Every structure is written in C-alpha cells, then in structure tokens.
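In what follows, a single structure is set out as structure tokens and then discussed.
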Amino acid sequence: MQTILTGIRANEEPTIGNFIGAYKTMINLANEHAADSRINMFVPDLHSFTTPIDHDKLYAQVIKGVKYYIAAGLDVNNPNIHVYRQSHVPAHSELAWILDCFTYFGEASRMTQFKEKSEEHADAITVGLFNYPILMAADILLYDAKYIPLGEDQFQHLELARDIATRFNNKFGKEIFTIPAPEREQVKFMHLENGLRIRSLTDPSKKMSKSSTNEKSKISLNDDPEEAAKKIMSATTDSIGKINFDMVNQPGISNLMTIKAMLAGQDIHDVITQYAGLDRYGDLKRDVADVVKSFLTDFQERVAKISDEDVERYLAEGEAYANEVAKAKLAEVQRAVGLIR
Ligand code: ATP
Ligand code: MG
C-alpha cells in the first residue's frame, strides 16, 4: 500500500484562501485515495516555531488545526486515515538529526525559502529555520511516503528530501527509504493544473495571506460571518463597470467569482455565465457575501461540534500507529549507521 502524507502548519488563523487552496484540495485527495493508500494527515507542530510565535496559544491551535481537517471533510473514521502530531512521534526528531549528518551545508544553504524567510525575520534567524527542510525530509522518509501534496513553495524541499534519501540508500547499499515521487508526478497526482490563488480583498494583484496584518485583506476561518460579509462588500474592484472573468484586467471581480464558485461548490464556468456582461458589481458582491456568510456559519458550527476529547482520541490512535511505523523505520536507519545491531 502506498503512503500519502501531508500536513498543514497551524500557527496562524487560516484564511478562506488556505481553505480553498490547501485544506479542500488535500482532504479531497485523502478521501479519494483512502480506499487503497495509507493517508497520513499530520500536524507539523515542531515546524510551528521556526519563526517566532505565541507559545501560550500553540497547543490550542494544534487541536483546532485537527478540528479544521475534520470540519473540512476529512474522514477520520476511515481506518486508513491517520492524524498525528509530529511532536508526539519522537522518531521525527531522531531521524532529523541523523539526516542532518548526511546533508551538506552547501545544499541546505541553497534553499530559497530560508533566504526569503530570513529576510522577513532578520531579527531572529534560528538554526531551526535553516534546518527545518531536513526535519521535513524525516517527516516524509519515516513513512516511505510517495506522494506529498504540497504547495509550490515546498518543491525545493521535496527535491532535497529525494536527494538525501537517494544518497543514504546508495551509501548503505539498500532501499532503506522510498524515494518520494518527483515534482512533475506530484503535480499530476494533485490535479494541480489549474493552481488556484485567492487574491487579497484590498489589493487583488496580491494573494490573500493569513499573515497579513490588514484584516480587511483576508477572511479568516474564525471571522464573524457578518463581518466577513462586510469585507466582501467593500472589496476592491475596478472602474470598468462590466463584469468579466479576467484575472489580468479585472482581478478583483474575478477573484470574487472564484470565491463564490469554490465555496458554493459551483463550476466556475456557471458563475461566469451567470454574471457575464452585467454591470452591477453590488449585486455580485451581495451574492458572494451571502455565500461567504453561509460557508463560515456552517463551517464554524461544524468546528464547534467537535470536542477536544474527540480530537485527543483521534490523535492518540493516530500517534500509536505513527509511532509503530516510524520506530521500525528509525531502527532500520540506526542499524545502517551502526548504532544498533
Ligand atoms: P503566510 O502569509 O504565513 O505565508 P499563507 O496564507 O501564504 O500564510 P501558507 O502557510 O504559506 O499560507 O500556505 C498554506 C497552504 O495554503 C499552502 O498549500 C498554500 O499553497 C496555500 N495557500 C496560501 N495562500 C493561498 C491563497 N491565497 N489561495 C490559495 N491557496 C493558498
Ligand atoms: Mg505563504
């Protein structure tokens, strides 16, 4: 059975952009493949503080992250779907150290995300931030995962994991690690041809980002539905005065149509046909605002129905499974490098 592994960092409140671009996509994939694959939906909590966070909130955010998986439709009762916290499977940290010693400083230094993030957080560039792609390699290799649905910003890290695994296997002359599929195969697997980017509501030339400090630019999953509807009503559009789906010249309007289609489960072409050529932006906005409002109301109700106890129980089951698999793989590695017989 092949393993599909994916995780979403939960250190800031996710937006509807994350919901549409990450949660929905990954959960659809998980449910689609759960009949014949092992699905590891883990919470990468050790990755949460590679950049500074509020540690008092971390535990609750991790629990909430799992509730979001479930509320977004992850079938946690499927015996092939496992949710677990990285921090509760010590083999991740142990393997990361061993892999550190088989990763060249030069190759790790080429990671462009480190360069970008260290510019953003120039006052606190930690070794953890530098090192995290190697921990990520451990997250993947411990479970022999072949497919790892992830964003474009992670392709370079995936390539690093492949390089480390190949080097390790070659050095010890055994197929200790399964080599994850290369980028083009991952993209095909994710059906990502039409890579979706929800835009900022205040500046539709940019993407919506959860870390934005401009509250009006984004709709967070825990926004008050009424407030969220107001943000849609005041979203930046254009002065063309005709509704067209045109991401280049009318990105604001096109973004609103995309949000409506994605959250209402409509085909984008139907939405385009519905509004094409109309000139009242206010009507479109009101329809999108209604969809956003009812999506948030419904989603938040679903989240509220999931108890912390249930989440802890799912995690305990998932972590028992993950520890068993990860320990066995770690032992293979420890044997190869000469730590055990
Ligand atoms: P940050 O501002 O902290 O970078 P972010 O909103 O960009 O936050 P990430 O944590 O970088 O979120 O990404 C989480 C997942 O959400 C990734 O799979 C990413 O591709 C997806 N994603 C992020 N922003 C959008 C967006 N605007 N539209 C669609 N998908 C998105
Ligand atoms: Mg981002």
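The values are calculated or read from the model by the stated rules, or taken from the named source; none is laboratory data. All figures in this text were calculated on a predicted structure; none of them were measured in a lab. Cβ sites come from the backbone with ideal geometry, for glycine too, and all protein chains shown count toward neighbours. These accessible areas exclude ligands, DNA and RNA; they are computed on the full protein's heavy atoms, side chains included. Shrake-Rupley method; radii C 1.70, N 1.55, O 1.52, S 1.80 Å.
Annotations for the structure displayed:
- Rounded to the nearest 20 debye, the dipole magnitude of the range 215-303 is 180 debye, with +1 charges on Lys and Arg beta carbons, -1 on Asp and Glu beta carbons, and the Cα centre as origin.
- Counting only DSSP beta bridges whose two residues both lie in the chain, roughly 15 percent are antiparallel.
- Taking label points 7 Å from Cα along the Cα-to-Cβ direction, Ala264 and Ile179 give a separation of 4.8 nm.
- Per residue, in Å², the accessible surface of the range 211-334 once ligands and nucleic acids are set aside, probe 1.4 Å: 50 Å²
- Radius 12 Å from Cβ of Ser48, net charge of other residues (Lys, Arg +1; Asp, Glu -1): 0
- With coordinates expressed along the principal axes, the C-alpha atoms belonging to the chain extend over 74, 42, 38 Å, beginning with the largest.
- The range 10-87 and the range 123-199 have their alpha-carbon centroids 17 Å apart.
- Share of carbon and sulfur in the accessible area of the chain stands at 51%, probe radius 1.4 Å.
- Computed extension gain for Arg110 through Lys327, at 0.36 nm per residue and net of the alpha carbon distance, reaches 75.1 nm.
- Pairs spanning more than 19 Å between alpha-carbon atoms, out of Lys24/Lys64; Lys24/Lys67; Lys230/Lys305; Lys24/Lys231; Lys64/Lys260; Lys216/Lys285: Lys230/Lys305; Lys24/Lys231; Lys64/Lys260.
- Cα Rg over Rh - the range 1-61, Kirkwood: 1.04
- Using Cβ point charges alone (K and R +1, D and E -1), the dipole size of the chain about the Cα centre works out to roughly 500 debye.
- One quarter of the surface of the convex hull around the alpha-carbon atoms of the range 86-153 equals 5.4 nm², the direction-averaged projected area.
- Rounded to the nearest angstrom and listed largest first, the equivalent-ellipsoid semi-axes of the range 215-303 from its Cα gyration tensor are 23, 14, 10.
- Cβ-defined net charge surrounding Glu312, 12 Å radius [Lys, Arg +1; Asp, Glu -1]: -2
- Most mobile listed residue (Leu284, Leu196, Leu315) in the chain, GNM with C-alpha springs under 10 Å: Leu196
- Selected from Tyr143, Tyr275, Tyr68 as most flexible by GNM, with the chain as the system and alpha-carbon contacts under 10 Å: Tyr275
- Each other residue within a Cβ distance under 15 Å of Gln274 adds +1 if Lys or Arg and -1 if Asp or Glu, for a net charge of -1.
- Only helices enter the 222 nm calculation for the chain: every DSSP H run of n ≥ 4 contributes -39,500 (n - 2.57), and dividing by all residues gives -16500 deg cm²/dmol, rounded to 500.
- Among Glu116, Glu12, Glu94, the largest mean-square fluctuation in a Gaussian network model of the chain (Cα springs under 10 Å) belongs to Glu116.
- Loop sites in the range 88-168: trypsin sites (Lys or Arg not before Pro), DSSP, at most 15 other Cβ within 10 Å: Arg110
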